[in-house]
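Please find one structure pasted underneath; my questions will follow.
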Amino acid sequence: MTKPPIDIDRFTWDNLQSDIYLGLHANSMRLYLDGVVTPALNAIDSRHDELSRSDEPVAAFELGDVEALRESTMEAFALSIQSQWERQLREFLKGCARELKRSDAYVASLATDNWTKLLKRFQDLRGVPLQAFDSFPALDLLQLLGNACRHGDGDSARKLYERLPGLWPNWSPANPVSWSESPLSCLPIQPPFSQVSLSRLLLIRLAEAVIWFWEDHNYIYTNSIKRKHYSVEGALAKMRDERAKRRL
């Protein structure tokens, strides 16, 4: 089921220097997706298809290596997308904090704040909750996936499994339920993160979420210009048309 994009016109803020040119982040992520991720996966998938059709005995052995390569490559790309996004966000928030004359301690904390704190910092500095953006559900998922790719089994991997158990299509627990010490909680057994299976479609969705966020940021920035030239109104109309095409 699809839903229309949020009514982004209800969000405005006092523009800062730090808001300028951030649309370039969307361009860089699109370039990374089209110029790096897609060609690499195409090459791996092409070799996989070639081996699948081969009658050579050695092909079956190489096929397993190629499948393992694809899984590790998908995880590496997921981590790279998340790392790029997080670095962009932290640097943006640091710039905002400095312009708004926040304390040195506040600015320094933006380098280490966890995801939950960063969400609070974003709303504090820009007056708009990041959760209100169309891209937030995917960005929230990206954060979990990036942490799981970085650390393996742990809290993020557990939350990722609870949210998207389909990422483990080949895993089935011997015992479907594991009781914790608390009698009020009954949790599914968590599969090892090493058995996760990521899809190209998921990677595209996560990269698009980063692109959408910076495009929406640019829309709010442009819409917050108080005296708009007709060219600005035209740019806003074009951005609205592009937003209407999103598949949510």
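The values are calculated or read from the model by the stated rules, or taken from the named source; none is laboratory data. Values in this document were obtained by computation on a predicted structure and should not be read as measured data. Quick reminder, even Gly has a Cβ in these numbers, built from the backbone with ideal geometry, and neighbours come from all protein chains shown. To get the accessible areas, we keep the full protein, side chains included, count just its heavy atoms, and leave off ligands, DNA and RNA. Shrake-Rupley method; radii C 1.70, N 1.55, O 1.52, S 1.80 Å.
In region 49-166, which helices (runs of 4 or more DSSP H) lie fully inside it and hold 3 or more residues that are charged (D, E, K, R) and closer than 28 Å to Val36 by Cβ? If you could, list the steps in order and put the result at the bottom.
Values: elements: 57-99, 104-109, 115-126, 136-151, 155-163.
Hits in region 49-166: 57-99.
Another question about this same structure. Under 9 Å by Cβ, and 6 or more places apart or on different chains, what pairs join a residue from region 19-36 that is within 28 Å of Gly127 (Cβ to Cβ) and open to solvent by 60 Å² or more (accessible area, probe 1.4 Å) with one that is of a type in the set (D, E, K, R) and in a helix (DSSP H, G or I)?
Partner pairs satisfying both residue conditions: Arg30/Glu208.
On to the next question. Of the numbered conditions (1) open to solvent by 30 Å² or more (accessible area, probe 1.4 Å); (2) under 21 Å from His217 (Cα atoms), Ser46 fails exactly one; give the number of that condition.
Checking Ser46 against (1) open to solvent by 30 Å² or more (accessible area, probe 1.4 Å); (2) under 21 Å from His217 (Cα atoms), the one that fails is (2).
Could you please let me know if Val66 is at pLDDT 90 or above, within 25 Å of Arg150 (Cβ to Cβ) and open to solvent by 60 Å² or more (accessible area, probe 1.4 Å)? Give the steps one after another, and end with the answer.
Numbers: at pLDDT 90 or above: yes; within 25 Å of Arg150 (Cβ to Cβ): yes; open to solvent by 60 Å² or more (accessible area, probe 1.4 Å): no.
Here the answer is no, as Val66 does not meet what is asked.
So is Thr12 out of contact with any Asp or Glu (no Cβ under 8 Å at 6 or more places or on another chain), at negative phi and in a loop (DSSP other than H, G, I, E, B) or not?
Values: out of contact with any Asp or Glu (no Cβ under 8 Å at 6 or more places or on another chain): yes; at negative phi: yes; in a loop (DSSP other than H, G, I, E, B): yes.
Yes; evaluated as a whole, the condition is true for this residue.
Further, regarding this structure: With Leu202, Leu248 as the choices, which residue is under 20 Å from the mean Cα position of the chain (by Cα), open to solvent by less than 60 Å² (accessible area, probe 1.4 Å) and modelled with pLDDT under 90? Write out each step before concluding.
Working: Leu202 fails: modelled with pLDDT under 90.
Among Leu202, Leu248, only Leu248 is under 20 Å from the mean Cα position of the chain (by Cα), open to solvent by less than 60 Å² (accessible area, probe 1.4 Å) and modelled with pLDDT under 90.
Something else about it: What is the residue count in region 205-245 for residues that are exposed (fewer than 14 other Cβ atoms within 10 Å of the Cβ) and assigned to a helix (DSSP H, G or I)?
Residues meeting the conditions: 10.
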